[in-house]
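The values are calculated or read from the model by the stated rules, or taken from the named source; none is laboratory data. Quantities reported herein were computed from a predicted structural model and do not represent experimental measurements. All Cβ positions, even for glycine, are placed from backbone atoms using ideal geometry, and neighbour counts span all protein chains on display. Protein only, heavy atoms only, side chains kept; ligands, DNA and RNA dropped before computing areas. Shrake-Rupley method; radii C 1.70, N 1.55, O 1.52, S 1.80 Å.
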Amino acid sequence: MKQDSTRSIAYTVDCEDYVHVVKFNPFDSGDACSLIAYGGNNYVVIGTCRFQEEDAEVEGMQYKTLRTFHHGIRVDAIAWSPETRLDAIPPQIRFCTAASDRKLRLFTSDLQDKNEFKTFDGHSDYINDLVFAPNEGQEVASVSDDHTCRVWDLEGNEKAHFVLRSPGMSVCWHPEEAFKLMVAEKNGTIRFYDLITQQAILSLECEQTPLMSADWCLKNTLKIGAVAGSDWLIWDITRSSYPQDKRPVHVDRARLFRWSRVNENLFATTGYPGKTTTQLLVHHLGHPQPILTGTAAVGSGLTWHRTLPLCAVGGDHKIFFWVTEM
């Protein structure tokens with residue numbers, strides 16, 4: 001008997017605009033609530049979430065908007081800074097965005113009078129992903145269709161510049177490997193760069209294209225996952241530069257891959273946005289079939305909660321949340 005893995009959406013948050021990107025804060029901000037950011041056509045909203053799965057006094061989900069930042073242009077990617085603290089006096093919110101004008105914007109706010117942003121110029125084409133240095137948060141790395149990965153300080157000065165062989169699709173920085181950067185390219189190559197020598201030190205191969213998204217497992221630094229074509233692929237970097245495991249999952253091409261932050265065997269993938277519905281699949285490496293199938297009307301973005309097996313996808317005037325088992 002096949003268990004029905006199709007799971008209805010657990011929670012939704014209504015938004016004023018189409019949500020292009022959604023991102024839980026992956027760092028501890030010193031507050032019981034989780035911070036979430038989402039980006040629309042010209043603004044970024046920062047809010048807090050609390051779920052009944054973590055607090056028995058909450059019925060379902062509590063969501064509260066903390067602040068809306070005018071952005072003036074479509075938001076394509078968001079990265080949280082580990083310097084974001086809600087328990088500081090005054091609180092500090094810091095995040096960086098990539099936008100369709102090929103610029104990065106660094107926002108810093110105390111949620112009261114201080115709201116600053118700086119613009120980082122340098123990429124000559126569309127920016128696909130960005131990430132903060134995970135421990136100190138003093139640098140930001142970004143990858144672009146211009147075949148570069150760049151590392152910036154918080155003033156917008158370029159500290160490192162890696163030339164790629166194809167568009168950069170994903171960039172990851174692991175808190176346990178702070179001197180290495182993982183860069184995934186559209187041509188199916190994933191490279192690790194040593195930030196001190198600024199040299200490539202290891203590469204992995206998908207053997208298929210286009211690679212659209214890759215992620216470095218938080219719970220196990222040796223595990224890398226990606227989607228390329230319509231398949232997901234998993235590597236153990238000590239074993240081989242070729243994937244140990246792969247499976248076709250999305251008929252119309254896969255778009256995003258994200259590891260759960262609480263379990264090294266749990267990850268999610270999404271199909272391509274722009275179809276009438278987008279499929280979200282949650283996979284467990286111990287199960288041959290996805291353990292959860294969700295659909296969202298034209299979804300985009302994919303993010304996991306910091307401490308719960310719960311993920312979110314953006315959509316048309318909504319954010320959708322699904323809860324899965326460990």
Distance in Å, no decimals, from the C-alpha centre of the stretch 283-303 to the one of the stretch 235-265 is 13 Å
Residues other than G47 with Cβ under 10 Å of its Cβ, Lys/Arg counted +1 and Asp/Glu -1, net out at +2
Y242 neighbourhood, Cβ < 10 Å, K/R = +1, D/E = -1, net charge 0
Links exceeding 22 Å between C-alpha atoms in this model, out of K23/K103; K103/K159; K103/K223; K118/K186; K159/K180, come to K103/K223; K118/K186
Pseudo-spin-label distance R239 to D31, built 7 Å along Cα→Cβ, given in nm, is 4.2 nm
Probe 1.4 Å, heavy atoms of protein chains only: per residue, the accessible area of the stretch 11-323 in Å² is 40 Å²
Per residue, the convex hull enclosing the alpha carbons of the chain has a volume in Å³ of 127 Å³
